[in-house]
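Here's the structure, in structure tokens; my notes come after.
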Amino acid sequence: MLKRLSIALLVGVAPWMVSCGGTATTSVQSSSQQNPPALGAGGTGTTTGSGSTVSAASGCDSNSLLWGGNKSAATGTGNSKFVPTGVMTQPRAGHSATLLANGKVLIVDGGQLDIDDLLVSIVSAELFDPSTGTFSPTGTPCIAREFHTATLLSNGKVLIAGGNGFDGYPTWLTPTATAELYDPASSTFSNTGSMAVGRTCHTATLLPDGRVLITGGSANSGTGASTSTVTLASVEIYDPGTGKFAVDGNMGSPREGHTATLLPSGDVLIIGGQNEQGALATAELYHPASNSFTTIGKMATPRVGHTATLLPDGSVLITGGAATPALGVAQMVIGSTGQMSAEIYDPASGSFAPAGPMSTGRTGHTAVILSDGTVLVAGGFKDWNSSTGYESYNTAEIYDPKSRSFTPTDPLNTGRFWHTATMLPDGSVLVAGGIGSDQPQASAEIFH
């Protein structure tokens, strides 16, 4: 453990010692996991990422070097609401999970452990079939990436953009500008246009007109020993019709590890995150009609590593996250804990109000809306210690919008953070992967 920590500090930031926020969910969740941070001086940043050095040819058909993790299935606990299901083909954390139009769930990339216990990006994709409860390989992504975004497009394809490429110490974490498309009809990946800036810890939001809004994130500045990170304020728009990204101005503040939630009005609510000033309480709205941003009221507390979930009445539930990034790199390191507090954003007033609190302070957790309008909050980062390494929560709770309160529910069979949680067509929730017992997990379970 001490070796891991010393290496992490030498590299500047260990891939699994960082988190790019939680999930921003609407009624159908495309859970693209939780994102890494910035060491640098903030600002808008203009450096173009070079992508992962673990990459496939343009045909996207080569294999990744796979390292390791826990490949065991989750163990059930009797009549729990969380029931173990099939095991993924690879252990992974920092991956994405996207519900497809055919009801299957696409799992893409993420990271596994190398010999130094660092999270190394992998090239690997698989599909979960709810009818059989099993995972199976599907195509091969074009490059290895972790903490990327995955967005289901109106045409049924999935846009996978940005993220980190990391081959292990002593290479630097490299945010990539590349993007690719997954086509469920052919089960293949293909390159599409690249972003203007390599970024990770960013957000991707499907707009009502079918375009995709990309906001913020972290980029590299400089090369070699002089490499540092910079927090981005820049915004890009992906047009599926042309397969290209276009630069579309800047947010009011640079931010990474934030959330972006599409509101019923068509505007996008952008909350929290962090930059060189620390964790942020600020929020702003993106207006697609005018391609402009408006600063709105602040949250009661700064948050990074939080979640933002759209509720049936059009308000947004914000849960957990860390208020102060530790060691100047992220919220998931020694001495940093998630918050128990929660807030509600009211679009009518443009203000935030308290909700909850949760029973457990969480960061790196998931929150997904259920068919009855309540919200399932599960897992999260717990702590790090020199004997057992990284610890995760197995607890879960339900938020009730009517009472604005949380109630504990049955625990996960396996503690996890940097996992994904995806609502399935029958209203159940697939929870997959993440860090548990100090290593990436291949296990998955379903909440009924």
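The values are calculated or read from the model by the stated rules, or taken from the named source; none is laboratory data. Keep in mind that what you see is a predicted model, and the values were worked out from it rather than measured. Positions of Cβ are backbone-derived with ideal geometry, glycine not excepted, and every protein chain shown enters the neighbour counts.
Taking the range 361-385, which residues are farther than 22 Å from P440 by Cα and among the β-branched types (V, I, T)?
Selection gives I369, T374, V375.
If the requirement is being within 16 Å of the chain's Cα centre (by Cα), modelled with pLDDT of 95 or more and surrounded by 16 or more Cβ atoms within 10 Å (Cβ to Cβ), which of these qualifies: A150, A177?
None of the others qualify; the one that does is A150.
Does E276 meet the test of being closer than 20 Å to T307 by Cα, acidic (D, E) and at pLDDT below 95?
It is false that E276 is closer than 20 Å to T307 by Cα, acidic (D, E) and at pLDDT below 95.
Hey, among L119, L127, L106, L113, which residue is closer than 18 Å to M88 by Cα and in contact with a helix residue (DSSP H, G or I) (Cβ under 6 Å, 6 or more places away or on another chain)?
Going through L119, L127, L106, L113 in turn, just one is closer than 18 Å to M88 by Cα and in contact with a helix residue (DSSP H, G or I) (Cβ under 6 Å, 6 or more places away or on another chain): L119.
Find the residue count for the range 274-306, including only residues that are of a type outside the set (A, V, I, L, M) and not in a loop (DSSP other than H, G, I, E, B).
Residues that pass the stated criteria total 11.
For the range 186-205, how many residues are at pLDDT 95 or above, outside any loop (DSSP other than H, G, I, E, B) and either surrounded by fewer than 24 Cβ atoms within 10 Å (Cβ to Cβ) or not aromatic (F, W, Y) (or both)?
7
For T227, are the conditions met, namely being farther than 30 Å from A353 by Cβ, surrounded by fewer than 17 Cβ atoms within 10 Å (Cβ to Cβ), of a type outside the set (A, V, I, L, M) and in contact with a Phe, Trp or Tyr (Cβ under 6 Å, 6 or more places away or on another chain)?
Yes.
Among the acidic types (D, E), surrounded by fewer than 22 Cβ atoms within 10 Å (Cβ to Cβ) and part of a loop (DSSP other than H, G, I, E, B) - does that describe any residue in the range 366-373?
yes
Of all residues being at pLDDT below 95 and in a strand (DSSP E or B) in the range 206-222, which is farthest from G110 (Cα to Cα)? Just the residue, please.
So the residue we want is S221.
If you scan the range 247-257, which residues turn out to be within 19 Å of A196 (Cβ to Cβ) and either in a strand (DSSP E or B) or under 17 Å from the mean Cα position of the chain (by Cα) (or both)?
V247, D248, G249, N250, R255, E256
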